[in-house]
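Peer 1: Here you go, one structure.
The values are calculated or read from the model by the stated rules, or taken from the named source; none is laboratory data. From a predicted model like this one, the values you see are computed outputs, not experimental measurements. Methodologically, a virtual Cβ is constructed for each residue, glycine included, from the backbone with ideal geometry; neighbour enumeration extends over all protein chains shown. These area figures cover heavy atoms from the full protein model, side chains too; ligands, DNA and RNA do not enter into them. Shrake-Rupley method; radii C 1.70, N 1.55, O 1.52, S 1.80 Å.
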Amino acid sequence: MTDKPGLGLSSIDAVPLHEKVYLELVEALMSGHFAPGQKLTSRKLAAELGTSDMPVRSALSRLQSLRALSALPNGSMEVPLMTAERFRQLMEARIVLEGAATEAAAGLINGNNLRTVRRNCNDLTNAARASDIGLYLRSNYEFKFSIYRHCGNDQMVFLIETLWMQVGPFLRSYAGVFEGALLGILEIDYHEDAVAALEAKDAARARDAIVRDLREGAAYLLGKARFHDAPAAA
């Protein structure tokens, strides 16, 4: 008995609209699309996303519960401002989790996915050379998560995502501390070392590269970026 030929129809995307909206906003936060202190209203977001107000409100509420957004008295949301101590704590947690995720991924990631990691690595370098902070942050997000999502631990990836949602907007500060010449960030960027270690299946070296990347990047911003709790200049 032969199978009946298909009708040439595309499968229907079963992901609920409210989940699509939520994931879109999560990705925007993690990739630094929004800036600290930016006000977000459900009406404006719904118009931009081409959807109704209700799924946006649901997404904003979820993001508030994860500390990625703060509620304002008028009912809108705000991307929280960053203090030095909060940034330090977020980065310490990232170092622990992302180092562990990279080490685990080194033993699981296959050749096809390694090629994706390498491509994302090249995109990250090119974005820095172009001094495009938006593209750099997006490429940084895509590069690192193309590693972490192969760690074999969904709960660890979720925790990393919650940290990125909180710290991602502040990473736009790199544009200011490098005064537009973003190429200098490559001096404290160890993504090439991480890829080389993953390709060599050297889990410990891959972990060390990501940890060094995070630690030196955090130290640079702590020393040069403007935080919400910093004293005003005289």
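Peer 1: Taking residue 37, is it at positive phi and surrounded by fewer than 19 Cβ atoms within 10 Å (Cβ to Cβ)?
Peer 2: yes
Peer 1: Identify all residues within region 156-182 that are among the small types (Gly, Ala, Ser) and in a helix (DSSP H, G or I); write none if there are none.
Peer 2: Residues satisfying the conditions are 168, 173, 175, 176.
Peer 1: Same structure again: Please verify whether region 65-77 includes one or more residues that are open to solvent by 70 Å² or more (accessible area, probe 1.4 Å), at pLDDT 95 or above and not basic (Lys, Arg).
Peer 2: Yes - at least one qualifying residue is present in region 65-77.
Peer 1: For region 84-117, name all the residues that are surrounded by 14 or more Cβ atoms within 10 Å (Cβ to Cβ) and not in a helix (DSSP H, G or I).
Peer 2: 109 - this is the single residue of region 84-117 that is surrounded by 14 or more Cβ atoms within 10 Å (Cβ to Cβ) and not in a helix (DSSP H, G or I).
Peer 1: Kindly establish whether residue 127 is of a type in the set (Gly, Ala, Ser) and within 30 Å of residue 199 (Cα to Cα).
Peer 2: Taking the combined requirement at face value, the residue satisfies it.
Peer 1: Checking the structure you have, find out if any residue of region 159-167 is of a type in the set (D, E, K, R), over 17 Å from residue 225 (Cβ atoms), open to solvent by less than 20 Å² (accessible area, probe 1.4 Å) and at pLDDT 95 or above.
Peer 2: No, region 159-167 contains no residue that is of a type in the set (D, E, K, R), over 17 Å from residue 225 (Cβ atoms), open to solvent by less than 20 Å² (accessible area, probe 1.4 Å) and at pLDDT 95 or above.
Peer 1: I've got another one for you. Restricting to region 67-110, what's the tally of residues that are within 19 Å of residue 204 (Cα to Cα) and among the small types (Gly, Ala, Ser)?
Peer 2: Residues that pass the stated criteria total 8.
Residue by residue, here is whether (1) open to solvent by 40 Å² or more (accessible area, probe 1.4 Å); (2) over 23 Å from residue 122 (Cα atoms) holds:
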residue	(1), (2)
143	no, no
172	yes, no
175	no, no
206	no, no
225	no, yes
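Peer 1: All but one of (1) open to solvent by 30 Å² or more (accessible area, probe 1.4 Å); (2) touching a helix residue (DSSP H, G or I) at 6+ places or on another chain (Cβ under 9 Å); (3) among the small types (Gly, Ala, Ser) hold for residue 181; which doesn't?
Peer 2: Failed condition: (2).
Peer 1: Please list, ordered by first then second residue, the pairs with beta carbon atoms under 7 Å, 6 or more apart or interchain, first in region 36-56 and more than 30 Å from residue 225 (Cβ to Cβ), second hydroxyl-bearing (Ser, Thr, Tyr) and in a helix (DSSP H, G or I).
Peer 2: Between residues of region 36-56 that are more than 30 Å from residue 225 (Cβ to Cβ) and residues that are hydroxyl-bearing (Ser, Thr, Tyr) and in a helix (DSSP H, G or I), the close pairs are 53/42; 56/42.
Peer 1: Among 59, 68, 47, 127, which is the only one that is outside any loop (DSSP other than H, G, I, E, B), under 18 Å from the mean Cα position of the chain (by Cα) and more than 21 Å from residue 187 (Cβ to Cβ)?
Peer 2: 59
Peer 1: Sticking with this one: List pairs: first residue in region 171-197 and under 12 Å from residue 129 (Cα atoms), second residue among the polar types (S, T, N, Q) and assigned to a helix (DSSP H, G or I) anywhere in the structure, Cβ distance under 7 angstrom, at least six positions apart or on different chains.
Peer 2: 186/125
Peer 1: Residues being more than 21 Å from the chain's Cα centre (by Cα), in a helix (DSSP H, G or I) and over 29 Å from residue 38 (Cα atoms): count how many of those fall in region 183-234.
Peer 2: Adding up the residues that qualify gives 6.
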